[in-house]
Amino acid sequence: MSNENVAVVVGAQGVIGRTLVDHLSSLDGWRVVGLSRRGAEPTDRVQHLSVDLLDRAASKATLSELKDATHIFYAAYQDRPSWSELVEPNVNMLVNAVDGIEAAAPGLRHVSLMQGYKVYGAHLGPFKTPARESDPGHLPPEFNISQQDFLEQRSGSWTWSALRPSVVCGFGLGNPMNLAMVIAVYASISKELGVPLRFPGKPGAYDALLEMTDAGLLAHAAVWAATAPSAANQAFNINNGDLFRWSEMWPKIGDWFGLPVAPPLPMSLTEVMADKEPLWQRMSERHDLKYGYREVSSWPFGDAVFGWDYDVIADGSKARRFGFHEFVDTERMFYDIFDEFRRRKVIP
């Protein structure tokens, strides 16, 4: 690779963006700029900029610095109470990022967009599985589709790619969508209270087929799709490559935490975890944990995923046909992430 590759990772503090920054900064021939609202301390390989992409004028001023940018990896997300309300902020942030960087960087070559199975309507209810990139769309609103439409219309001097992972698991704090964190904190609190680990989702969800996407695998796939000529202007499902049911995975997770597993009991984690902050504070003091309860809480997302009482799987063979052949064992992925949480003093 040439030394001219300058990656701008938008949403650099999330699970996906943080892992992308780490991966890109480990590669020869890449310089990395991380964009986020919070910003971060720079390193030898990574520059960080604080930017509010909902403020078009202010973001344009900040992004005017990025004259050498060659690749945009877009992984930012703004949560809102309803599906329709998600469209405007999430489309505007992408537009403001691309407009600002494109105006400053004549050498921009590629824009990579992180999507998900919402493109197929996975969040709405049972959908056609395995989902394929060629499947027809569904009625709007859907911000993932609106974002891709924008890239398709604007591309020309640069190419685009859209990556569609399943639930992404990795290390990240203060993130509204972090299933591995949900499981780790839920299991740690269950152990602290001396109760068995019960699957909290809908009854049918315990036996539905699922797949996950490791954040590291997704980072590798994003760089491949952004640099392989054959992958230009394409969408790809990116998943670990194996399927599982919670009925098989849940007891293994219980074993990792040293917890017995009792029969499932449907409950809202958002509700039952609402009073657990004082307990977490006591656990933090006793185990020297490093992060507050709000930083490790993603309960509404956990409720959503554990509520999928239907199969949530997509065909990942298109990426393989185009040249990306990596895969991850999902059981091993969970163990590795839990190990990292423990090393970093996120959980006891």
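The values are calculated or read from the model by the stated rules, or taken from the named source; none is laboratory data. Everything quoted here is computed from the prediction, not taken from an experiment. We place every Cβ from the backbone using ideal geometry, glycine too, and count neighbours over all the protein chains shown. Areas reflect the complete protein model, heavy atoms only, side chains present, ligands, DNA and RNA absent. Shrake-Rupley method; radii C 1.70, N 1.55, O 1.52, S 1.80 Å.
Criterion applied to Leu139, Leu173, Leu151, Leu113 was being among the aliphatic types (A, V, I, L, M) and open to solvent by 30 Å² or more (accessible area, probe 1.4 Å), and the one residue passing it is Leu139. Among the residues of region 119-129, none qualifies, meaning not one is farther than 17 Å from Trp308 by Cβ, out of contact with any Asp or Glu (no Cβ under 7 Å at 6 or more places or on another chain) and either open to solvent by less than 40 Å² (accessible area, probe 1.4 Å) or part of a loop (DSSP other than H, G, I, E, B) (or both).
Any residue in region 298-306 that is outside any helix (DSSP H, G or I) and either at pLDDT below 95 or open to solvent by 10 Å² or more (accessible area, probe 1.4 Å) (or both)? If you could, list the steps in order and put the result at the bottom.
Of all residues in region 298-306, those outside any helix (DSSP H, G or I) come to 298.
If we keep only those that are either at pLDDT below 95 or open to solvent by 10 Å² or more (accessible area, probe 1.4 Å) (or both) as well, we get 298.
Checked region 298-306: at least one residue is outside any helix (DSSP H, G or I) and either at pLDDT below 95 or open to solvent by 10 Å² or more (accessible area, probe 1.4 Å) (or both).
Flag set for Trp280, criterion: within 20 Å of Glu192 (Cβ to Cβ), touching a residue at least 24 places away in the same chain (Cβ under 8 Å), open to solvent by less than 80 Å² (accessible area, probe 1.4 Å) and more than 21 Å from the chain's Cα centre (by Cα).
Contact annotation: residue pairs with Cβ atoms under 8 Å, 6 or more positions apart or on different chains, pairing a residue in region 183-204 that is among the basic types (Lys, Arg) with a partner that is part of a helix (DSSP H, G or I), are Arg198/Ser190; Lys202/Phe306.
Filter region 252-271 down to residues that are open to solvent by 50 Å² or more (accessible area, probe 1.4 Å), farther than 16 Å from Phe341 by Cβ and outside any strand (DSSP E or B), then give me how many there are. Even if it seems obvious, please write down each step before you answer.
Initially, region 252-271 is screened for residues open to solvent by 50 Å² or more (accessible area, probe 1.4 Å), giving 252, 255-256, 258, 260-261, 263-267, 270-271.
From the residues that got through so far, the ones that are farther than 16 Å from Phe341 by Cβ too are 252, 255, 260-261, 263-267, 270-271.
Add one more test, that the residue is outside any strand (DSSP E or B), and what stays is 252, 255, 260, 263-267, 270-271.
Residues in region 252-271 being open to solvent by 50 Å² or more (accessible area, probe 1.4 Å), farther than 16 Å from Phe341 by Cβ and outside any strand (DSSP E or B): 10 in total.
Listed by first and then second residue, the pairs with beta-carbon distance under 9 Å, at least 6 apart or on different chains, first residue in region 316-344 and among the small types (Gly, Ala, Ser), second assigned to a helix (DSSP H, G or I), are Ala319/Ala221; Ala319/Trp224; Ala319/Ala225; Ala319/Ala231; Gly323/Trp224; Gly323/Ser230; Gly323/Ala231.
Looking across region 130-159, just one residue is of a type in the set (Val, Ile, Thr) and assigned to a helix (DSSP H, G or I), and that is Ile145. When Tyr291 is tested against (1) in contact with a helix residue (DSSP H, G or I) (Cβ under 9 Å, 6 or more places away or on another chain); (2) farther than 24 Å from Gly204 by Cβ; (3) without any contact (Cβ under 8 Å) to a residue 60 or more places away in the chain, exactly one condition is not met: (3).
Is it true that Gln78 is polar (S, T, N, Q) and in contact with a Leu (Cβ under 8 Å, 6 or more places away or on another chain)? First the steps, then the outcome.
Details: polar (S, T, N, Q): yes; in contact with a Leu (Cβ under 8 Å, 6 or more places away or on another chain): yes.
The answer is yes for Gln78.
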